[in-house]
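Visitor: Below is one structure. I have some questions about it.
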Amino acid sequence: MISEDRLRELEDIQEKFKYRFKDINLLNQSLTHKSYVNENISENLQDNERLEFLGDAVLSLVVSDYSINRFADGSEGDLTKIRAAVVSEANLSLVAREMEIGKFLLLGKGEIMTGGRDKTSLVANAFEAVLAAIYLDSGYKEVFQVIINILNDKINKVAGYELHRDFKSELQEFIQNRQYSIPQYRVSSEFGPPHEKIFEVELIIDGKVCSIGMGRTKKEAEQSAAEKALEQLKI
């Protein structure tokens, strides 16, 4: 039996995925790490490893299905590169952090103490597990829509549809004739192992943090922060 407090948490994450589960136990399982199961045997829960396995396959299929229709002129090599970048652990961990999936995970005490809620592999795997849960709950059509709603912009960027844009230069030009100070970029955090680091960059204008961007390189994080700042300043 899922507690009332846990049901409220699951309500929040359903809002983030813009999907409502018919079987809430599937969602709960997708967010249950094996460390929690091992420490709470009496609860008779299943961990999310099998769902993660399925979610990995579902995600790859959806991205492939979408890309082959979206980028009709793309070669097999191009489509393979797009899919590999989109479903990479580094990219999925970015998405998972943006959705704050870590705070919804059921983890063992030891895993919590070692920063499990922000581990790159752990949050990326949980994201895939939730996708598998949606697939089992409602089928391919529904999970396809959920995935594309979340990843559409990233797929397009990876494919080069927005990579040519220099948001830092656009921001500089935008503020040039306005009474703003020159934007400054500051790395505020770094996540993940050395070979798959995720950078978080703060964009400071007039002494205040205007936006925060994340990326697999400092340059990518700065571009992300500049893009968000442009969206805010142009409102």
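The values are calculated or read from the model by the stated rules, or taken from the named source; none is laboratory data. Everything numeric here is computed off the predicted structure, so don't read it as measured data. Don't worry about glycine lacking a Cβ; one is built from the backbone with ideal geometry, like all the others, and counts go over all protein chains shown.
Visitor: Where in the stretch 1-72 are the helices (runs of 4 or more DSSP H), entirely inside, with at least 2 residues that are under 22 Å from Val95 (Cβ atoms) and β-branched (Val, Ile, Thr)?
Guide: 49-70
Visitor: Here is a check on your reading of the model: is Thr114 of a type in the set (Ser, Thr, Tyr) and loosely packed, with under 14 Cβ neighbours inside 10 Å?
Guide: Yes; evaluated as a whole, the condition is true for this residue.
Visitor: Could you tell me whether the stretch 24-35 includes any residue that is in contact with a Gly (Cβ under 8 Å, 6 or more places away or on another chain), more than 30 Å from Glu11 (Cα to Cα) and assigned by TED's automatic domain parsing to the domain that holds Ala126?
Guide: No, the stretch 24-35 has no match at all.
Visitor: Just one of Glu111, Glu142 is under 27 Å from Pro193 (Cβ atoms) and acidic (Asp, Glu); which is it?
Guide: Glu111
Visitor: Let me ask you something else. Modelled with pLDDT under 90, surrounded by fewer than 20 Cβ atoms within 10 Å (Cβ to Cβ), more than 19 Å from Val130 (Cα to Cα) and not basic (Lys, Arg) - does that describe any residue in the stretch 46-69?
Guide: No, the stretch 46-69 contains no residue that is modelled with pLDDT under 90, surrounded by fewer than 20 Cβ atoms within 10 Å (Cβ to Cβ), more than 19 Å from Val130 (Cα to Cα) and not basic (Lys, Arg).
Visitor: Condition test on Ile41, is it closer than 30 Å to Gly110 by Cβ and in the same structural domain as Ala129 (by TED's automatic domain parsing)?
Guide: yes
Visitor: Is there a residue in the stretch 141-161 that is over 21 Å from the mean Cα position of the chain (by Cα), modelled with pLDDT of 90 or more and acidic (Asp, Glu)?
Guide: Looking for residues that are over 21 Å from the mean Cα position of the chain (by Cα), modelled with pLDDT of 90 or more and acidic (Asp, Glu), one finds none in the stretch 141-161, hence no.
Visitor: When only residues in the stretch 106-163 that are in contact with a strand residue (DSSP E or B) (Cβ under 7 Å, 6 or more places away or on another chain) and part of a helix (DSSP H, G or I) count, which is nearest to Gly215 (Cα to Cα)?
Guide: Thr120
Visitor: When the residues of the stretch 131-158 are narrowed to those that are more than 21 Å from Asn91 (Cα to Cα) and of a type in the set (D, E, K, R), which ends up surrounded by the fewest Cβ atoms within 10 Å (Cβ to Cβ)?
Guide: This residue is Lys141.
Visitor: Where the second residue is of a type in the set (Ser, Thr, Tyr) and the first is closer than 25 Å to Val146 by Cβ and lies in the stretch 15-42, which pairs have Cβ atoms under 8 Å and are six or more apart or on separate chains?
Guide: Every condition considered, the pairs that remain are Tyr19/Ser138; Lys22/Ser138.
Visitor: Just for the stretch 101-140: of the residues that are farther than 20 Å from Leu61 by Cα and of a type in the set (Asp, Glu), which one is nearest to the chain's Cα centre (by Cα)?
Guide: Asp118
Visitor: Quick check on this structure: which one of Ala90, Ala57, Ala96 is in contact with a strand residue (DSSP E or B) (Cβ under 8 Å, 6 or more places away or on another chain) and either among the small types (Gly, Ala, Ser) or within 30 Å of Ala225 (Cβ to Cβ) (or both)?
Guide: Unique residue meeting the criteria: Ala90.
Visitor: Also, I was wondering about something else. Out of curiosity, is Val95 assigned to a helix (DSSP H, G or I), assigned by TED's automatic domain parsing to the domain that holds Asp153, in contact with a Phe, Trp or Tyr (Cβ under 8 Å, 6 or more places away or on another chain) and surrounded by fewer than 20 Cβ atoms within 10 Å (Cβ to Cβ)?
Guide: Answer is yes for this residue.
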